[in-house]
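Below is one structure; the comments refer to it alone.
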Amino acid sequence: MKLKDQVCIITGGGSGIGRDAALKMAQEGARVVIVGRTESKLESVKSEIETVGGTAVSFTLDVSDYDTVQQMVSNVLEKFGRIDVLVNNAGHSSHNRRLLNTTPEEVRSVVDSNLIGTFFCTQAVVPAMLKSKTGTIINISSLAAVTPGPFSGFAYGAAKAGVINFTEFLNNDLRNTGIRASVIIPGEVATPILDNRPIPPDDDARTMMVDVAETSDAILLIATLPRRSNIPELVIRPTMHRNMAGEVVELDV
């Protein structure tokens, strides 16, 4: 098993990409730490992993709460003594996405979950990785970061662009320490988060999107690479391009 006895923290681990990555890492022998805001979802994933003989623990918290994140990492180190992989997957977009209808509360929530949480979780795990002279940090961004527009929302696109920038910063700041950072930039992925869009895509549209399994496969690929190698950036796009014109909410000014 390629991740035998390694400790992997996955934020946003209760559903979608995070859930699938947690299951696959556990199948490869990892001791999985799943983090999220909904306890019932985390417990369900934890139960799935344990049912097939894997090891998992869960923490219910908001990744933008610095003190809580620090305490979580401290608890993980106390229990397992190491942290090998961090997957910064937590994040969401706002319901409103146009410049003039997105509320201040939505802006703060999107930036906190996608970007600030990525900062705080990374700051928390790096000291242990530096001590062991090895570690893998995998950040999940989005094509919204490089092709911004009203479809994805300005707050989400800007936050995900920050995730790409932060990943490059990590590879420069932590150069030759044994820590490697990667960012995965998927296009549309068929996850439950799509239901929160102003106009949710229908079933036919979702079949054209990147599947959750393909994105979690990319996470596993990066996590299991030999330590001498790194994939700084990996883009996953749907092969077929669909017409999204009917899913953009018009803004009355």
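The values are calculated or read from the model by the stated rules, or taken from the named source; none is laboratory data. Bear in mind the structure is a predicted one, so any value in this text is a computation, not a measurement. Positions of Cβ are generated from backbone atoms using ideal geometry, with glycine treated the same way; all protein chains shown enter the neighbour counts. Remember, those area values only see protein heavy atoms, side chains included, never the ligands or the DNA or RNA. Shrake-Rupley method; radii C 1.70, N 1.55, O 1.52, S 1.80 Å.
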**Study point:** Any hit, the stretch 76-83, residues being open to solvent by 70 Å² or more (accessible area, probe 1.4 Å), more than 22 Å from E214 (Cβ to Cβ), in contact with a Gly (Cβ under 9 Å, 6 or more places away or on another chain) and of a type outside the set (G, A, S)
**Key:** no
Check your understanding: Which number in (1) open to solvent by less than 40 Å² (accessible area, probe 1.4 Å); (2) under 16 Å from the mean Cα position of the chain (by Cα); (3) within 20 Å of T215 (Cα to Cα) marks the one condition that R19 misses?
Key -> (1)
Check your understanding: Do we have K4 as over 14 Å from the mean Cα position of the chain (by Cα), among the basic types (K, R) and under 29 Å from V111 (Cβ atoms) here?
Key -> no
Exercise for review: State the number of residues belonging to the stretch 157-199 that are in a loop (DSSP other than H, G, I, E, B), modelled with pLDDT of 95 or more and open to solvent by 30 Å² or more (accessible area, probe 1.4 Å).
Suggested key: 4
Review point. Across the stretch 1-37, what is the number of residues that are part of a helix (DSSP H, G or I) and of a type outside the set (A, V, I, L, M, F, W, C)?
Key: 6
Review point. Taking the condition in a loop (DSSP other than H, G, I, E, B), open to solvent by less than 20 Å² (accessible area, probe 1.4 Å) and closer than 26 Å to K24 by Cβ, does V73 pass?
Key: no
Exercise for review: Pick out the one residue from N139, N114 that is open to solvent by less than 10 Å² (accessible area, probe 1.4 Å) and within 22 Å of N176 (Cβ to Cβ).
Suggested key: N139
Review point. Which residue out of A218, A213 is open to solvent by less than 20 Å² (accessible area, probe 1.4 Å), modelled with pLDDT of 80 or more and within 17 Å of the chain's Cα centre (by Cα)?
Key: A218
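So that you can scan it fast, the table gives a plain yes or no per residue for (1) at pLDDT below 95; (2) aliphatic (A, V, I, L, M):
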residue: I83; (1), (2): no, yes
residue: L86; (1), (2): no, yes
residue: A90; (1), (2): no, yes
residue: R98; (1), (2): yes, no
residue: N101; (1), (2): yes, no
residue: P104; (1), (2): no, no
residue: S109; (1), (2): no, no
residue: F119; (1), (2): no, no
